[in-house]
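For reference, the structure is listed below as structure tokens.
The values are calculated or read from the model by the stated rules, or taken from the named source; none is laboratory data. As the structure is a prediction and not an experimental result, all values here were calculated from the model. Glycine gets a Cβ as well: all are built from the backbone with ideal geometry, and neighbour counts include every protein chain shown.
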Amino acid sequence: MPIQRTQREIRQRAPAWLVGLLVISFAMATVSARDQATQERKIRVWAQAAASPVQSLFSGAAGGVGGTFQYLGSLRGAARDNETLRQRLAETEARLREAEAARAENERLRGLLALKDEKKFEMVAARVVARDPSQWFDSVIINRGSSSGIEANMPVVTPEGVVGRVAAVSPISAQVMLLTDERAAAGAAVGQLEGSNSLGSVRGFGTNGLLDMRYVSGLDQLPPAGTPVLTTGQDGIYPRGLKLGEVVEAKAGTATTSHEIKVRPSARLNSLSEVAVLLYRPPPRAVPTPTPEKTDKGRSK
């Protein structure tokens, strides 16, 4: 019985063994087989072909991840470059503003020097350091005072025209009352001084930045807009011939009323930086000498 069972099992398993032997033989033949053109083992070629899609998938994924990190790195580098460029641009703009401010200051100072040569007056250059809010911006503080020879009522000018007059003085500073202050006034003439009969005075409104020219006779010719207004020197503060402004509006008067004339100041009073104080003292007015009384020829002694 055992022998018969063994033979029966052998007959049953023989096909499986045969198949196994065939598979082993095919595998050995496949492993040892080579491609006639490349002499590569075919099993390697087949394995590479089978693994190629998987390799492509992982290679693409790895490349995508690497490209993403590379892109993010380039973005960070571009952000750093942009920040550096912005800082350099801000520094360049600051230097340009400083250079422009220095150029403008030099132009103003050259204008003051030219004014000194033109008017033949001794003057002290000063910088505006503050505005007085209690006076509604109609006065400014300059950084020069009595230690520089400045006195009350000395005229203050720019190359464009009259600014105002010194109202108060300390050793190292002074307060300047602007022309637009209601308390400020200056003797003025419309047009050229030579032969001009349109004489009067200008005074600030204190509100709109214009000057009101008063006391110009309604019988005089009405001045057109743009006509210059100059100082006459008769007020005992400003020397003759300084430019006060120009006519912007004029309304005709009558034989009994004066012209109504509005004047825009020549100096830019709302943006003063450097000014010049004229060390001007008006000449003393001549005092008329009394004439001796005449005696009657026929009066008896």
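If the condition is being touching a Pro at 6+ places or on another chain (Cβ under 9 Å) and of a type in the set (Gly, Ala, Ser), then segment 205-241 contributes Gly209, Gly233, Gly236.
Summed over segment 166-208, the residues that are closer than 15 Å to Arg268 by Cα and assigned to a strand (DSSP E or B) give a count of 4. May I ask you to say which residue of Leu242, Leu222 is touching a strand residue (DSSP E or B) at 6+ places or on another chain (Cβ under 7 Å), more than 29 Å from Arg127 (Cα to Cα) and of a type outside the set (Gly, Ala, Ser)? Criteria check complete, one pass: Leu222. Within segment 220-266, the residues that satisfy the criterion of being at pLDDT below 90, polar (S, T, N, Q) and either over 29 Å from Pro282 (Cα atoms) or within 36 Å of the chain's Cα centre (by Cα) (or both) are Gln221, Thr254, Thr256. Here Asp132 passes the criteria (1) crowded, with 19+ Cβ neighbours inside 10 Å; (2) charged (D, E, K, R); (3) over 23 Å from Gly233 (Cα atoms) except the one numbered (1). One residue stands out in segment 135-165 among those that are of a type in the set (D, E, K, R) and part of a loop (DSSP other than H, G, I, E, B): the one that is surrounded by the fewest Cβ atoms within 10 Å (Cβ to Cβ), namely Glu151.
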